[in-house]
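The values are calculated or read from the model by the stated rules, or taken from the named source; none is laboratory data. Note that the coordinates shown come from a computational prediction; the quantities given were computed from them, not determined experimentally. Virtual Cβ from ideal backbone geometry, glycine too; neighbours counted across all protein chains shown. Remember, those area values only see protein heavy atoms, side chains included, never the ligands or the DNA or RNA. Shrake-Rupley method; radii C 1.70, N 1.55, O 1.52, S 1.80 Å.
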Amino acid sequence: MDAQNTVAAPAAPPLKASRVRSGRRIADRVLILASTLATLVGILVLGSILMMLIVEGVKGFSPLLFTEPTPGPGSEGGGIANAILGSLVLTFLGILVATPVGVMAGTFLAEYGRNSKIADVIRFLNDILLSAPSILIGLFVYTLMVKPMGSYSGWAGAVALAIIATPVIVRTTEDMLRLVPATLREAGAALGAPPSKVITAITWRGASAGIVTGIILALARIAGETAPLLFTALNNNSWFSPNLMGGIPNLPVMIYQFALSPYSNWQQLAWAGALLITVTILALSIVARFVIKSERAR
Amino acid sequence: MWMRSVGLLASGTAALYDAALEEKTHRMAALTEKIALTRTAAPARRKPGGLGDQIFRAASYASALLVLIVLFGILASIAYGGWPAFAEFGPGFITSSAWNIGQEQYGAFVAIIGTLASAFLALLIGVPLSLGIAVYLTQLCPGWARKPVSMTIELLASVPSIIYGMWGLFIFAPLFARFVQVPVSNVVEGLPIVGTLFYARVPSGVGILTAGIILAIMIVPFVASITRDMLDQIPTVLRESAYGIGCTTWEVVRHVLVPQASVSIIGAIMLGLGRALGETMAVTFVIGNANRLSASVFDPGSTIASRIANEFNEADGMQLHSLMALGCILFVITFIVLIIARLLVRRTKVA
């Protein structure tokens, strides 16, 4: 800084900064810093969760995990084979129920109902059901099935999961069907195809990738659901009976019970189960994302 | 004022879809052709709307109605289960803080306060975090990093809530106890107001604030991704003209973007609130599960959902009815919040 300048304006800030008043500049810097930090926090949390699962989960990994059932309290060893199988059965049954109902309901909203009053109401309530607390769905299925049947059962668990999966499928199906241009439907109708034929052969086929994505998303959503299974499928430390009555072993509830237990081998199994379930779910959501991206880009 | 005069929101995305559909039209043309061929082979023109057609329509209508029935079924079954508790304790059920299994005295007050307090803390922490992420993704992030960063944040939504619970209890709580609860308690001890608000009697790491922090992380992906989509929909011209007259990023965000997207952002926040209120497993792990009303955010408490998860399987008689009644209160609170949220965020994306 030369002497002349100092004499002329002793308090003047350097030329570069004078374009923007310092208060504005500080606010700007703070915003940039804060939002970058917020994003870093988000990334770090996901990283930390994955690290925790890998560090703790890998320790418990062994082939026995996939062959042995969960051990009783205090007994040594064991695996989580029964819980894995139970989870697969419950999730599969849930999706099996939710898919036809969800796709048909989505079809109604996008095709038959489109602008009707009832479709608006159903669309709105479906969106609410989509974010409804899953524990309330557990209470509902408990009242509906467990209490009258007098026992916890895999059926009740599957119904609870189906209720959670359905709104996801309804929503994606409707969104995807709406992307199919109306001209195609008109072309089908002009050829004399009845509405059901137009829907099944034209609109469904056009939107098939999107509908499948919805089903995968629903699968990812229910695979880790714990709260609704607590009062419906519960858990069990042995192989379950094929009629699915009684407590059905499943990964989420197993993780919940074992992680908070005092037995170290139970905790170990909980970590292994947690790693398994999280990796599966993250993989499913990534797959769904890529399917939907390629579909939209087409 | 000039910023508001350009109200062309959301028309950009429609154009995008149109382009995608154009492509699809070509693919579909082959399909319609196939149908046309089979049609001409048919002996006579069938009247559209035969029996099969009507069955299909009825099935789709019935499926849609099922969604409606399930929602009302949930309300009806929980109200039915909780009715004896409401009848027994009357309006006092909501204001009583008793939860005594031996004496059959139950009240919802502690759980309601715990639910509201943890959700409020979640918003207090989660909303600035989400807005920061949305601003970063839309304004600051270099192009190549946008997709991976976006996806990482969205993947936070896929992590099951029980995993958040384990992370909160085994990783976060010990760190939180050691680096926050203990030092803060030492500083504020004996001071008025903050001395009660931030004093941990037992610095174990679990408590209302821990639950709030975990919930905040859980709502971030939802609020951030909706806000990001909303900010993306604002025409670039608006942003560019603001930068053109010499606005800083902060001024663009504060005076151009936020006013344009404010309604949707509030809707997204309400949606996050709906999630936070009903979240069960993560909270059950980290809230400490105590039926105690405490002024300190470091003390354990319980929420409606965590109490139901903890006690329902062993509950009987009036306790069971009271838990159902708690569920009923939760239903009413979350559904009011979600209805407001959905009215504000008109159809964004699957959240």
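For the reader, a short list of remarks on this structure follows.
- Taking a straight Cα-Cα cut-off under 13 Å and skipping sequence neighbours fewer than 8 places away in the same chain, the aspartates and glutamates within cross-link reach of A:K147 are B:D316.
- Backbone amide hydrogens, once placed in the peptide plane, bring B:Q105 within less than 5 Å of B:N100, excluding anything fewer than 5 places away on its chain.
- Close amide-amide hydrogen proximity is noted between A:G79 and A:E68, A:T70, each under 5 Å apart and 5 or more residues distant or on a separate chain (H modeled in the peptide plane; Pro and chain starts excluded).
- The stretch B:313-323 - phi-based ³J(HN,Hα) in whole Hz, Karplus 6.51/-1.76/1.60, Gly and Pro as x: 5, 9, 7, 8, x, 5, 4, 4, 4, 5, 5
- Shape class of the protein assembly as shown from the Cα gyration tensor (axes a ≥ b ≥ c, square roots of the eigenvalues): oblate, since a/c reaches 1.5 or more and a/b does not exceed b/c.
- Considering only alpha-carbon pairs that sit under 8 angstrom and 6 or more positions apart, the relative contact order computed for the stretch A:63-297 is 27 percent.
- Near the amide H of A:M245, within less than 5 Å, lie the amide hydrogens of A:G154, all on another chain or at least 5 residues away, with H placed in the peptide plane.
- Counting only Cβ charges, +1 for Lys and Arg and -1 for Asp and Glu, the dipole size of the stretch A:63-297 around its Cα centre is about 600 debye.
- Where only DSSP H runs of four or more residues are counted, the protein assembly as shown gives -22000 deg cm²/dmol as its mean residue ellipticity at 222 nm, each run worth -39500 (n - 2.57).
- Separation between Cα centres of the stretch B:264-284 and the stretch A:34-62, rounded to whole Å: 22
- Each Lys or Arg adds one and each Asp or Glu subtracts one; over the other residues with Cβ under 13 Å from the Cβ of B:L131, this totals +2.
- Overall form of the stretch B:165-210: prolate. Here a/c, set by the Cα gyration tensor axes a ≥ b ≥ c, is 1.5 or more, and a/b is the larger of a/b and b/c.
- Rounded to the nearest 0.05, the FRET efficiency derived from the C-beta distance between B:R178 and A:Y112 at R0 = 35 Å is 0.05.
- Protein-protein interface of the stretch B:58-81, residues with accessible area decrease of at least 40 Å², isolated chain reference, 1.4 Å probe: B:S60, B:Y61, B:S63, B:A64, B:V67, B:L68, B:V70, B:L71, B:I74, B:S77
- Applied to the stretch B:283-293, the Karplus parametrisation 6.51 cos²θ - 1.76 cosθ + 1.60 on θ = phi - 60° returns per-residue 3J(HN,Hα) values of 5, 4, 5, 10, 8, x, 6, 10, 8, 9, 9 Hz, with x for Gly and Pro.
- Rolling a 1.4 angstrom probe over the protein heavy atoms with all chains in place gives chain A an accessible area of 41 Å² per residue.
- Global form of the stretch A:63-297, assessed from the alpha-carbon gyration tensor, a/c cut-off 1.5: prolate
- Each part gets one Cα centre, and for the stretch B:217-246 versus the stretch A:173-213 those centres are 34 Å apart.
- Taken across both chains, chains A and B shield about 9100 Å² of accessible surface from a 1.4 Å probe.
- For the protein assembly as shown, size of Cβ-based charge dipole, Lys and Arg +1, Asp and Glu -1, in debye: 2080
- Other residues with beta-carbon under 14 Å from the beta-carbon of B:S161 carry, at +1 per Lys or Arg and -1 per Asp or Glu, a net charge of 0.
- Per-residue mean of C-beta atoms belonging to partner chains within 10 Å, peptide B:142-152: 2
- Helices of chain A meeting both criteria, an alpha-carbon length of 30 angstrom or more along the long axis and an average Kyte-Doolittle score not below 0.0, with helices taken as full DSSP H segments, are A:22-59, A:81-107, A:154-178, A:264-297.
- Among the residues of A:199-210, the average count of other protein chain beta-carbon atoms within 10 Å of the residue beta-carbon is 2.
- The modelled label-to-label distance for the pair A:D120/A:L44, using points 7 Å beyond Cα in the direction of Cβ, is 4.8 nm.
- Part-to-part distance (alpha-carbon centres) for the stretch B:293-332 and the stretch B:149-206, which is given in Å: 22
- Linear extension gain, B:V194 paired with B:F72, 0.36 nm per residue minus alpha-carbon span: 39.5 nm
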